[in-house]
Amino acid sequence: MKNIKFLAIILLVYFVFSCSGKKEDSHNHEHQDEVAHTHEADNSHEGEDDHLHEGETHDHDGEDHVHEDETHSHEGDDHEHETHSHEEEDHDHSAETHTHEEDKPALLTLADESSTVESQPHTHEDETTHDHEHETDDVFAIEDEWAKLIGLETTTVKRKPIELVISVPGQIVPNQNQQAIISPFIESSVNCIFVNVGNRVKKGDLLVCLASPEIGILRAEYDKAKAELEIQKQDFERKDKLFKENIISSKSFQEADLGRKVAEVNYNYAFKKLLALGMKENEIDNPPSDHSEAVGSTIHLYAPISGLTTHRDASIGQKVNTSSRMFEIINLRNVWLEADIFEKDLTKIKIGQKVKVSVTAYGDEIFTGKIFYIGNTLNKNTKTIKILVEINNQKEKLKPGMFANTFIVIGEKQKALVIPKESILEDENLNIVFVKEDEEFHRHIVTTGIISDEYVEILSGLGAGDVVVTKGNYQLKSKLKMSTIDPHAGHVH
């Protein structure tokens with residue numbers, strides 16, 4: 001029974017494929033007849049609209065989906081074509097031709113849109129190239145009153161030497177040879193204070209008066225040694241006279257001489273102990289009488305250098321000792337700059353090399369110094385080496401702690417085309433300047449080269465003799481932004 005069913009299925013499949021093949025053959029034959037009739041109908045139109053029929057034929061060949069639609073139409077109308085007369089077939093072909101003529105404009109429109117889309121990227125690219133390579137309408141004029149209001153200033157582009165520099169960050173620090181921290185040499189208490197933070201002092205000026213029982217003991221020892229020395233001196237002088245007159249023996253004279261020498265040693269020892277506490281020589285024998293109630297136990301501390309008092313930690317009655325940091329004095333007329341040099345630049349620097357420094361507080365002002373120290377060890381975290389620069393700071397403008405732009409001069413380029421650094425502005429990742437021509441201002445895109453502490457080398461975009469804006473260019477840029485000028489437009493020389 002299963003075999004019979006299997007044979008029936010095979011026969012059914014074979015029958016279906018056979019019918020499909022016959023139908024396709026019938027359709028192909030009918031389609032050829034239809035095309036032939038169409039050509040005959042075309043020839044009967046006495047050459048009119050030849051171009052239109054040629055275009056139609058092209059559309060039939062080029063558009064697969066149109067033929068597919070026609071194929072379905074022919075399959076559905078097989079019976080109709082067999083029963084209708086040749087005259088009716090001509091009518092059907094004419095109607096079909098009319099239908100294709102109505103469809104043609106849609107196909108042409110699609111082709112037009114496709115060609116338009118393909119051409120758009122090319123047009124945009126050409127416009128962008130034109131904007132960057134040729135002069136555009138980036139010119140505007142301003143009134144004299146507005147120019148004065150914004151403080152407009154200009155300068156002429158010229159050729160001059162420009163220094164090759166290594167730019168690194170740095171920090172102003174005190175010159176450790178011109179910095180002093182004042183602390184007592186003995187435990188004591190504060191009696192009087194004579195200076196405050198910010199006061200300028202000279203070397204030797206009185207800072208503070210201290211009192212200590214130990215100072216009184218040391219002063220008593222000194223007075224005793226001084227008195228003992230006087231006695232021994234008088235005894236020696238007397239015995240020396242007697243010895244010369246042969247009144248005393250040599251032994252007595254030698255004993256007097258030894259006593260005098262021992263007294264001198266004791267005196268010098270007591271004297272130097274007081275000096276070690278910070279006392280002056282004249283103060284030891286003649287202590288200040290301003291504090292008579294504690295003359296025997298007082299000690300005064302004096303400024304060891306001239307400079308500015310930058311720190312104070314002392315109050316009346318305060319207990320202080322050798323670790324107390326009572327005052328700090330810094331001479332700011334000579335400061336140091338501390339900077340870190342990358343390992344790759346180490347071979348470019350040396351002791352005595354010129355360094356230029358600028359700080360935010362003083363804008364365009366440049367301070368100069370020289371390298372006097374190059375570190376011997378590499379920082380393992382930053383891979384840099386420390387250098388120290390000594391800077392003359394007579395006007396005391398540089399303050400410890402200031403961040404500084406450091407330019408180490410390693411060479412010089414002759415006859416470079418340069419403009420001041422402040423002339424260049426950044427606009428959408430482009431370097432721009434404003435050039436004055438007659439009474440108008442033009443926006444120029446420039447390419448920069450070497451950047452020194454004051455000037456920037458111009459590689460392209462400007463020429464010698466051009467007049468560029470140095471101050472007021474930010475306002476000009478704002479005015480340009482408010483206009484309809486393309487921000488990428490500009491002159492390129």
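Of everything listed in (1) surrounded by fewer than 17 Cβ atoms within 10 Å (Cβ to Cβ); (2) part of a strand (DSSP E or B); (3) hydroxyl-bearing (Ser, Thr, Tyr), the single unmet condition for THR406 is (1).
Of everything in the range 260-302 that is in a helix (DSSP H, G or I) and among the hydroxyl-bearing types (Ser, Thr, Tyr), the residue that is modelled with the lowest pLDDT is SER292. Taking every residue in the range 208-220 that is without any contact (Cβ under 8 Å) to a residue 60 or more places away in the chain and pairing it with any residue that is among the basic types (Lys, Arg) and assigned to a helix (DSSP H, G or I), at least 6 positions away or on another chain, the pairs with Cβ-Cβ distances below 6 Å are LEU218/LYS273.
Does any residue of the range 280-291 turn out to be within 28 Å of ILE181 (Cα to Cα) and either buried (at least 17 other Cβ atoms within 10 Å of the Cβ) or of a type in the set (A, V, I, L, M) (or both)? Yes, some residue in the range 280-291 is within 28 Å of ILE181 (Cα to Cα) and either buried (at least 17 other Cβ atoms within 10 Å of the Cβ) or of a type in the set (A, V, I, L, M) (or both).
What is the number of the single condition among (1) under 60 Å from the mean Cα position of the chain (by Cα); (2) closer than 20 Å to SER297 by Cβ; (3) in contact (Cβ under 8 Å) with a residue 24 or more places away in the chain that LYS272 does not meet? Only one criterion is unmet by LYS272, namely (3). Counting only residues that are among the acidic types (Asp, Glu) and in a strand (DSSP E or B), the range 440-454 holds 1 of them. Across the range 303-346, the qualifying residues are those that are of a type in the set (D, E, K, R) and assigned to a loop (DSSP other than H, G, I, E, B), and the one among them that is nearest to ILE371 (Cα to Cα) is ARG333.
Taking residues in the range 227-242 that are closer than 13 Å to VAL262 by Cα, and partners anywhere that are part of a helix (DSSP H, G or I) and not small (Gly, Ala, Ser), the pairs with Cβ atoms closer than 6 Å and at least 6 places apart or on different chains are LEU229/GLU264; LEU229/TYR267; GLN232/ARG260; LYS233/ARG260; PHE236/ASP257; PHE236/ARG260. Among all positions in the range 241-255, there is at least one residue which is among the aromatic types (Phe, Trp, Tyr), surrounded by 15 or more Cβ atoms within 10 Å (Cβ to Cβ), assigned to a helix (DSSP H, G or I) and touching a Phe, Trp or Tyr at 6+ places or on another chain (Cβ under 6 Å). The number of residues in the range 338-366 that are in contact (Cβ under 8 Å) with a residue 60 or more places away in the chain, under 16 Å from PHE403 (Cβ atoms) and of a type in the set (D, E, K, R) comes to 3. Considering only residues that are hydrophobic (A, V, I, L, M, F, W, C), surrounded by 15 or more Cβ atoms within 10 Å (Cβ to Cβ) and assigned to a strand (DSSP E or B), which ones fall in the range 165-195? Of everything in the range 165-195, those that are hydrophobic (A, V, I, L, M, F, W, C), surrounded by 15 or more Cβ atoms within 10 Å (Cβ to Cβ) and assigned to a strand (DSSP E or B) turn out to be VAL165, ILE166, VAL168, ILE172, VAL173, ALA180, ILE182, VAL190, CYS192, ILE193.
The values are calculated or read from the model by the stated rules, or taken from the named source; none is laboratory data. Keep in mind it's a predicted model, so treat the numbers as computed, not measured. When we count neighbours, we look across all protein chains shown, and the Cβ atoms used for this are built from the backbone with ideal geometry, even at glycine.
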